[in-house]
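Heads up, the thing below is written out as structure tokens.
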Amino acid sequence: MYLENIPFLSILIFLPVLGSFFISMIDKNVSPMNTRYVGLWVTGTVFVMTLFLALYMPCQAGFHFMDRFVITQKLGLEYLVGIDGLSLPFIVMTAFIFPLAILASWDKEIKNLKFFVSLLLILETLVLGSFCSLNLLVFYIFFESVLVPIYFLTSMHSLNNKLDVAFKNVLYTLFGSIFLLVSILKIFEVTGTFSFIDVVKFNFSYAVEVFLFLGFLISFIIKVPIIPFHTWLPNMHGDSSTPISMVVSGAAFKLSIYGILRFVLFLFPQALQEFAPWLQGACLVSFLYAAFVAYDQKYVRRLLSYLSISYLSFSLAGIFSLNSMAMVGGIFHIFVHSLLFPAAFYITGLLHMRLNTDRIKFYGGIGQVMPQFSILLFLICLALVGIPGSSSFIGNFLIMGSLSKLHISQGVVSILGFFFYGVSLFWLYRRIVFGVITEAMVRGLKDLNMREKSIAGFFIFLIFIVGLVPSFPLNFSKFFSKEVTALLKKKGEVK
Amino acid sequence: MSFKALFFLPELFLFFMCMKIFVVNLFRVSKTSDAILSPAVLSRLEYYAFFSIGVLLLGSLWVHYPVSKVLSFDGLLSSKLTIMAKFVIFFFGLPWLGVGSKTIRRALQRENMRSFEYPSLLLFSMIGSFLLVSAHNFSILFVALILQILPIFIISLLYEEKTSATAWSARYFFLEGITLSLFVFGAALIYGAVGDLDFKSIALFCQTLSHSKGEGSLWILIGFFMLLLTFLFRLAAFPFHIWIKGVYESSSNLMIPFMAILSFSLIVGLSRLLFEVFYDFVGTWKVVLFYVGISSGALGAIGSLFQSRIRCFFSYTYMFHLGMVFLGLSSGMVEGVQSSLLYWIIYTFSVGAFFFFWSNLSINDQMLERVDQVYGLSIKYPGLSLLMAITLLSLASIPPFAGFWCKLYILKSLILNGWIYVAVLLSFSIIASLQYFHIIRTLYFSDRCAEIDIISDWKTSWVFAPIALVFFFFFQDQILALLSDSLRGL
């Protein structure tokens, strides 16, 4: 195939960073809108390229569009990228979120716009690079480097106590990275290679596998995050601006989930079977706790971030159940999360932009002055809670059904969790939309403009279209679940 | 002049330049009242000629180096390692003489360093470092140790209106006297046992001792530890670090990169001593170095968290990075030395780049002393701030910058010591990196911008230093090959 003969994937990965160089060369006196246009064109082009990838990707299993060159022979380190059925949906979702994040910042007054857009583009390169890396150390480098643009972005455009939040994120990320780096070095010591393709064929001894499994897992669950490693995320979302929350929830922190799916599940099947019930239990507790805590939040973004933790914990509970249907549901849920939560952060961010506050108590009675906004928010809330027809319904159905089948207690916890989840969400909706207007500034609010409506509408359209025609993410989820189940079967035990 | 004496040319060359600067300006000063450091000390053309000749000289020695080691004057060894070390010392040390770059000259003037002796003294110290890396007996090593540090004491006395520098210099001089006397005593003990001060004879003696478990091993061991102590003190490793904070704080910003160069020569000297002379005691010294490394790293990492003054902060991070180097050496393998030397070269390079940019900044024509003085610098000078941030990220070992790769090589050499140590070291490296992030956020995240002026054009060749740190991974194989070639004879 023609695309296989050119370094298409590398061009895709590094195009945003080239765009950021170009932006840095734009003259100071040129209108700031041009920077936005360049950012939009670059991210838009990357998105179109990912669609090409999806269209032309061969149906066979294995990695495609591979590029490689040796970085250092001393370490046996090579730049090795390629995609398969697991990474492709993540890449498409990442490329989808970035242009929308740039559009979300369109009207926003941004002090150092060139720097902001450049950072977004660098971040896109790093996230795409992580999803495509087939070398463990190169993955680590991309994964860890994400910290730098996120640190700058959260510090630049955060709202309240911005510096501490960015600092906390650095601290957590660096702490998590210890385990990952140590595990990667251990893999190198044992196998003599960093290449994922070679490592996956290797059979580790049980003790080594448990060591590596825990190293990888701790590093990734800190960044997902699940309870009790979650404290940095609500602060971060609470203090970040809309585009950053969209990018972070939709793309950057999917890296950890991807890390779990790609490395933890494939490389350490023995340890996975040993620890899976514990992890599943921890994820269910995290799901229940985060949904419960969300109810009491006073700030919209903090509440949404708790719901996001809850949602992802539920997805992971499905994956760690090692039941093929629950795994399909869990993976599907993760893909859908990349649509739902950026949409939620975007639409609530529109209110924040108008009122300059994120506190729920100032929002009462919005429905009277912004009816269109209220309808769109309602549709997003329905999708978040998983109404039939919406994209998260399929995931919820598959996970909840499978968990209930495995053990009734798991079904009960799932139902209870969803009860709290739904209550928190609709309690938020009620407090924003209904009630008496108490704040004078709310009275003067204008409803959404055409661009805002288009972006929110586009999100909602996709959310429901994926719910009604779920074949694209569902096929990939099934494919992945089949591969993991086959791998576990090979090891002798599968539920 | 015999063929062997050719390898002494770099020292002669430095000495010649040093005397040229000194004598010519002595005459000039006697004729005029203008004793300040000015371009007349050494014209730009002369400076670049000096720089190019030095690089060419050391480069050609490297290229035409014979297979075996060359011993000149019975006490100066020339090997690929010593030539490489001299090259690094020359290349990274020369900019800080204050004669080439306008920026550094201006910075020196602002620090009231107006003495024309300054560059000559630094050159003397560099000659000391040259001798230190190629010393092949304890007499030369002793001379080198003194020659390296004595000019630095004198420089600290030359600062006008900086009494703390003089005070710290006197304290350090006192402590240095004690450790040097220990060095002499240690060398005397070894001489008593071996009957020679030559490294090769001592190495042979140690080899015989280790096979026969013969008499005298205790004295040799005590002597060795006294020598080691001198190096640990000079390098400010834990627990001999008490002087470092005061000396850094009271000295000039421009002295910090230069002191990193001096430390490089000490690390090379120490590596030679450990691997060429006392390798038979490897089981003993690797444990000592390991604990010294861990302690220095821990103290440096934790101490750096509480520093608000830039030089104090760098004194602690210096200790942290030194701890990493010791851990590399403690592997007891040539790969560990290679990682340690690479680590220190990159550290020196990064610190040099950072302080070059930092020295460009001033408030009311005063040098900046505290981290918080640069708040919001990125608003006024985004390019300069970006370069500083890249340098700091590299020092914080964040991938893909050069500092990360160096840390990785050290970790790799440490794996044999046990995984728990790797994890502990990584934890320290996280703590150490936090304060670098603090400086970055001061540079970037402020609504206001400090009233900072840039004293000279910062867009010089130093701009390439942070860029080199970013793209280091492309060249690391070549650099490692060079280092490995240098260490072949170790």
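Every number here is computed from the coordinates shown, using simple stated rules; none is lab data. What you are looking at is a predicted structure, and each value in this text was computed from that prediction instead of being measured. All Cβ positions, even for glycine, are placed from backbone atoms using ideal geometry, and neighbour counts span all protein chains on display.
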Considering only C-alpha atoms, what is the centroid distance from the stretch A:37-100 to the stretch A:331-352, in Å? 22 Å
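Within 10 Å, count the other beta carbons around each residue, average over each peptide in A:291-304, B:79-92, and list them highest first. Show your work: numbers first, answer last.
On the way: A:291-304: 20.9, B:79-92: 23.2.
My ranking of the peptides, most packed first, is B:79-92, A:291-304.
Using only the Cα atoms, work out Rg/Rh for the stretch B:219-308, with Rh taken as the Kirkwood radius, to two decimals. Walk me through the intermediate numbers first.
Details: Rg = 14.5 Å, Rh = 14.3 Å.
Rounded to two decimals, Rg/Rh equals 1.01.
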Just to confirm a number: summing +1 for Lys and Arg and -1 for Asp and Glu over residues other than A:Arg431 whose beta-carbon lies under 11 angstrom from that of A:Arg431, what do you get? +4
Take every Cα-Cα distance within chain B, group them into 20 Å bins from 0 onward, and report for each bin the whole-number percent of pairs it holds. 24, 59, 17, 1
Could you derive backbone 3J(HN,Hα) for the stretch A:398-403 from the dihedral phi with the Karplus parameters 6.51, -1.76 and 1.60 (θ = phi - 60°), listing whole Hz in sequence and x where the residue is Gly or Pro? 5, 5, 4, x, 5, 5
In 10 Å bins starting at 0, how do the alpha-carbon pair distances of the stretch B:338-490 split up by percent? 10, 36, 30, 16, 6, 0
The summed charge of the A:Leu214 Cβ neighbourhood (under 13 Å; Lys/Arg +1, Asp/Glu -1) stands at -1
Per-residue mean of C-beta atoms belonging to partner chains within 10 Å, peptide A:65-78: 3
Stokes-Einstein D in µm²/s, Kirkwood radius over Cα pairs - the stretch A:412-487 at 20 °C with 1.002 mPa s viscosity: 127 µm²/s
Any idea what diffusion coefficient the protein assembly as shown gets from Stokes-Einstein, in µm²/s, Kirkwood Rh on alpha carbon pairs, 37 °C, 0.692 mPa s? 107 µm²/s
Can you give the average number of partner chain beta-carbon atoms within 10 Å of each beta-carbon in peptide A:420-429, as a whole number? 0
Could you tell me what percent of the DSSP beta bridges with both partners in the protein assembly as shown are antiparallel, to the nearest 5? 95 percent
Of all DSSP beta bridges with both partners in chain A, the antiparallel percent, nearest 5, is 90 percent
Size of the stretch A:18-166 as Cα extents on the principal axes (Å, biggest first): 47, 35, 29
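Going down the table (A:Lys254/A:Lys489; B:Lys200/B:Lys286; A:Lys111/B:Lys102; A:Lys201/A:Lys489), which pairs top 23 Å between alpha carbons?
Values: A:Lys254/A:Lys489 27 Å; B:Lys200/B:Lys286 21 Å; A:Lys111/B:Lys102 34 Å; A:Lys201/A:Lys489 15 Å.
Going by Cα-Cα distance, A:Lys254/A:Lys489; A:Lys111/B:Lys102 fall outside the 23 Å limit.
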Order B:299-306, B:203-210 from most to least packed using the mean count of other Cβ atoms within 10 Å. B:299-306, B:203-210
Beyond 14 Å, what share of the Cα-Cα pairs of the stretch B:413-490 is found? Please give it as a whole percent. 81 percent
Cα centroids of the stretch A:386-458 and the stretch B:83-157: how far apart, whole angstrom? 68 Å
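Given the DSSP H assignment, sum -39500 (n - 2.57) over each helix run of at least 4 residues in the protein assembly as shown and divide by its residue total; what's the result at 222 nm in deg cm²/dmol, nearest 500? The partial results should precede the final answer.
Numbers: 42 runs with 701 residues, N = 985.
Computed ellipticity for the protein assembly as shown at 222 nm equals -24000 deg cm²/dmol.
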Kindly state, to the nearest 0.05, the FRET efficiency for A:Arg451 paired with B:Arg488, given R0 = 60 Å and r defined as their beta-carbon distance. 0.35
Amide H of A:Ser195: which non-local residues (sequence gap of 5 or more, or other chain) have their own amide H closer than 5 Å, using H built in the peptide plane? A:Leu136
Packing-ranked peptide list from A:384-391, B:445-452, B:69-76, highest mean Cβ count within 10 angstrom first, is A:384-391, B:69-76, B:445-452
Return one quarter of the surface area of the convex hull spanned by the alpha-carbon atoms of the stretch A:401-446, equal to its mean projected area, in nm². 4.5 nm²
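Give the Kirkwood hydrodynamic radius (Å, one decimal) of chain A, defined as one over the mean of 1/r across all pairs of different Cα atoms. Present the calculation step by step, with values, prior to reporting the outcome.
Numbers: mean 1/r = 0.0439 Å⁻¹.
When all Cα pairs of chain A are included, the Kirkwood radius is 22.8 Å.
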Mind checking which aspartates and glutamates have their C-alpha under 12 Å from A:Lys74, skipping anything on the same chain fewer than 8 residues away? B:Glu335, B:Asp477
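How many Cβ atoms of partner chains, on average, are near each residue of A:174-185 if near means within 10 Å of its Cβ?
Taking all residues of A:174-185 together, the mean is 5.
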